[in-house]
Amino acid sequence: MSTADQALRRARRWCGARRRGQFALTVGLVTLLTGACGALLLAPNWALPTIRADQPSSPQRQANSDPRLQAVRGLMEPFGPITAVRAAVGDGPDALVVGHAAQRAELAVLAAELGPATASISELWGTQWARSGLVVVASNPSEFAALLRSPGLVPGEVAAAAVADPFAAGTQPTGQRVVFGPDAGRRLSPDGLRTILRHELTHVATRAATVDGAPQWLLEGFAEYAAHRGARHRFAEIAPTLSARLRAGASPAELPADPAFTGPDAAAVYEQAWSVCAFVAETYGEPRLVQLYRALAAGKQTPDTEDDILRTVLGAGRTEFTAAWRAWLGAESA
Ligand SMILES: [Zn+2]
């Protein structure tokens with residue numbers, strides 16, 4: 001195995017590890033109150049070089065005075081001067097990628113990817129979402145926790161997460177941002193960063209249509225599907241653990257249950273969730289996958305309501321749907 005392969009494997013293992021903490025973040029953070037992290041702001045400043053913005057008309061300087069930075073400036077400046085990079089995202093206002101000098105390389109990768117990521121997600125989901133948002137890269141665990149409003153965050157467990165202010169159903173969420181952890185750039189390849197950006201951005205896009213407590217196999221599977229959509233990643237690259245188990249004759253018996261997304265087998269469970277949504281997209285088409293998301297994510301579901309919705313949208317109840325997915329898995333792994 002080459003050094004590159006080993007690095008890729010390490011990255012994948014870590015990618016699985018960050019997912020173990022992701023459920024709590026993407027679902028739990030939306031209900032946390034703003035301003036809960038005041039103590040974290042007392043952490044000592046980190047010695048980072050000041051970004052020079054000598055040219056009055058430079059895009060960087062303009063971005064550094066963007067009013068949207070107000071949401072994160074107070075959380076980030078205690079950790080050093082911030083810099084912001086504009087990213088064109090279609091016909092709307094530019095999005096902003098914000099970080100410190102030490103994350104310059106990650107900022108560049110993310111800024112370059114925001115346009116294509118936004119276009120791909122909009123093609124799948126539609127354009128009615130906050131496409132001109134904030135993507136933030138933390139420089140150390142304390143800053144990461146502050147940006148996520150999650151003081152109990154275990155550093156190293158999470159690569160990135162999507163955050164929103166608390167909001168009432170039927171209204172547009174505010175305060176949405178994607179936050180990358182301090183290790184993301186070091187532990188992930190640029191392709192890995194791009195994939196995680198698309199995953200988290202999909203949570204931002206679908207947030208207004210997503211009720212807390214909706215089935216995780218759908219929420220995380222859809223984000224994973226959107227993350228890999230059009231990237232020509234092979235089944236075994238996206239789902240290495242699932243692929244190995246299928247080759248060994250071990251197929252998942254059921255759709256993944258919510259607690260499994262934070263359990264010890266979470267990496268494989270995320271892969272299964274991806275495969276369910278990939279199966280729906282390939283078999284019924286992407287518009288039907290989106291229709292299924294909108295129906296299932298609109299509320300907490302029981303096995304009975306899930307069965308009804310699957311029957312209405314896809315014409316197959318839960319048992320029949322699960323059997324068809326398992327048959328698709330068998331064919332994919334053959
Ligand atoms: Zn997710």
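The values are calculated or read from the model by the stated rules, or taken from the named source; none is laboratory data. The structure displayed is predicted, hence computed values, not measured ones. Using ideal geometry, Cβ is built from the backbone for each residue, glycine included, and neighbour counts are taken over all protein chains shown.
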Selected residue [more than 25 Å from Thr118 (Cβ to Cβ) and away from the ligand (no atom under 12 Å from the Cβ)] from Arg194, Arg245: Arg245
query: Yes or no: Gly230 surrounded by fewer than 20 Cβ atoms within 10 Å (Cβ to Cβ) and either away from the ligand (no atom under 16 Å from the Cβ) or part of a helix (DSSP H, G or I) (or both)?
result: yes
Residues of region 262-291 satisfying the condition of being of a type outside the set (S, T, N, Q) and buried (at least 23 other Cβ atoms within 10 Å of the Cβ): Val269, Tyr270, Glu271, Ala273, Trp274, Val276, Cys277, Ala278, Val280, Leu289
query: Right, Ser275: in a helix (DSSP H, G or I), assigned by TED's automatic domain parsing to the domain that holds Arg318, touching a residue at least 60 places away in the same chain (Cβ under 8 Å) and polar (S, T, N, Q) or not?
result: no
- line: Only one of Glu254, Glu224 is acidic (Asp, Glu) and crowded, with 23+ Cβ neighbours inside 10 Å, namely Glu224
Unique match (being acidic (Asp, Glu) and in contact with a Leu (Cβ under 8 Å, 6 or more places away or on another chain)) among Glu282, Glu320, Glu332, Glu237: Glu332
field: So His203, is it assigned by TED's automatic domain parsing to the domain that holds Gly115, in contact with a Ser or Thr (Cβ under 6 Å, 6 or more places away or on another chain), within 30 Å of Val136 (Cβ to Cβ) and crowded, with 22+ Cβ neighbours inside 10 Å
entry: yes
